[in-house]
1. Quick check: pseudo-label points 7 Å beyond the Cα along Cα→Cβ at residue 14 and residue 348, how many nm apart are they?
2. At R0 = 22 Å, how high is the FRET efficiency between residue 61 and residue 107 if r is their beta carbon distance? Nearest 0.05 is fine.
3. Carbon-plus-sulfur fraction of the accessible area of the range 167-318, 1.4 Å probe, in percent?
4. Which order, highest average first, do 136-143, 111-118, 279-286 follow once you tally other Cβ atoms within 10 Å for each residue and take the mean per peptide?
5. How far apart, in nm, are two points set 7 Å out from the Cα along the Cα-to-Cβ line at residue 242 and at residue 394?
6. Hey, can you find the accessible area per residue of the range 1-79 for me, probe 1.4 Å, expressed in square angstrom?
7. Place a point 7 Å from Cα of residue 371 in the direction of its Cβ. Which residues in the range 326-353 have their backbone N less than 15 Å from it?
8. Give me the one-decimal nm value for the distance between modelled label points at residue 235 and residue 301, 7 Å along each residue's Cα-to-Cβ direction.
Amino acid sequence: MSGRELQRIEVLSEVVAKKRTERSAAAVLGISTRQTRRLLTAYRDSGGSALIHKARGRASDNHLIAGVREYAMAIVRSKYADFGPTLASEMLLEKNELKVSRETLRKWMIEEGLWLSRRQRRSFHQPRLRRERYGELIQIDGSEHRWFEQRGEPCTLLVFIDDATSQLMQLSFVPSESTDTYFEALRGYLERHGCPVAFYSDKHTVFRVNRPDAKGGSGMTQFGRALAELNIEIMCANSSQAKGRVERANRTLQDRLVKELRLAGACDMESGNALLPVFLDRFNKRFAIPAASAENLHRKLNVPSSRLNDILCHREQRYVGAQLTFHYGRRQIILDRSELSEELAGKYVEVYDFSDRPLEVRWKGHSLPYRVFDKEQRVNQSAIVENKRLGHALAIVKAQQDITRTAKVMTNSQKGGYKKRGRKVYGPDYYEELLSAQAAVEMPV
């Protein structure tokens, strides 16, 4: 008997012994007075066994017949062993004409060891100890969020955090995660702190060449090439948990920084970036901890500004054709003919693509003048766009679609190059001029 049934026997026995009223018994059992009278009548006639539920020990009316479980599990084990319960139940009904609910099949598959529950599939990551010295490892990541809530468009916050101290090193609002935005954030970091030993990032294409068959680049991204020239190592984490320091910082910033921006009335990236230095100092005073070792591994940036500009830009080599032309970024670059450029046919030149000024074409340190034949600039159809850059790419597409283009209709005369001339006025001296012109033509002959 269940505990509830034992309680009913005890209360009803008190009513039979006139130690409790029927109304009091109904209040204790949580049932109506009418139901209490029914139970009391059954108790007096048949004793405590009358209070046991009549369906106990009987099979359910909608139970499956014997052998269905063995038959279903035999099919699942032979054909659908790697299927989930929902898909397996659908396949049993469609392919084998056997109807079993997904929850019943889920219970059977768990008991047979063919399916693991969400709790059983949960993986545990061993915690990694902090680095001991300041500047030894800097975790970097971008967090896309509605930082300005409904006051502005969503954007991305680039976060640089020291692994040893949890100190925020650099914050910057940018449209999306790209090589150019990371170059700008890296410049601010280097000028403020110097060169760390290594950066720790995810597997974003800014940091890692994810295609083993990629052509060009020597297996290194533009960001990786720049760090190599600055003698800084770049390492990629295998999971989000491995760089949990910056992930937890992003979660904290999505709460605290959003509210700080709301109180300050910031509604765009420019005003947000102006508030970040004050917020960064206050955040570090609150959450940063001292490193295990007092040694600072940052190295001084011994690179002049002009050289740093050449490092923090896109640099690629292009083959120069016989007509002194090459293609770069959907544009055809035509080198101006000179004594130096005439010798470059069949050779490679280096293209320096800056974010704040026109690109430069160089060969052995010499800057080459050029002209550009610019094709239509737009996002290519069927182009592969990273998930983190999708919002920024859609904004570019929307801006291109908003540009109204009016078709210019040309007449046949204009297509043929006809130019309208003024009316010729024939004066009294017209024939004298005509005769002198004919004489001038006959003289050389």
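1. My value for the distance between the label points is 9.4 nm.
2. Step by step, r from the Cβ atoms, then E = 0.70.
3. Carbon with sulfur: 48 percent of the solvent-accessible area.
4. 136-143, 279-286, 111-118
5. Rounded to a tenth, the inter-label distance reads 3.1 nm.
6. 71 Å²
7. So the set is 326, 332-338.
8. Using points 7 Å along Cα→Cβ, the separation is 2.4 nm.
The values are calculated or read from the model by the stated rules, or taken from the named source; none is laboratory data. Since this is a predicted model, take the numbers as computed values, not measurements. All Cβ positions, even for glycine, are placed from backbone atoms using ideal geometry, and neighbour counts span all protein chains on display. These accessible areas exclude ligands, DNA and RNA; they are computed on the full protein's heavy atoms, side chains included. Shrake-Rupley method; radii C 1.70, N 1.55, O 1.52, S 1.80 Å.
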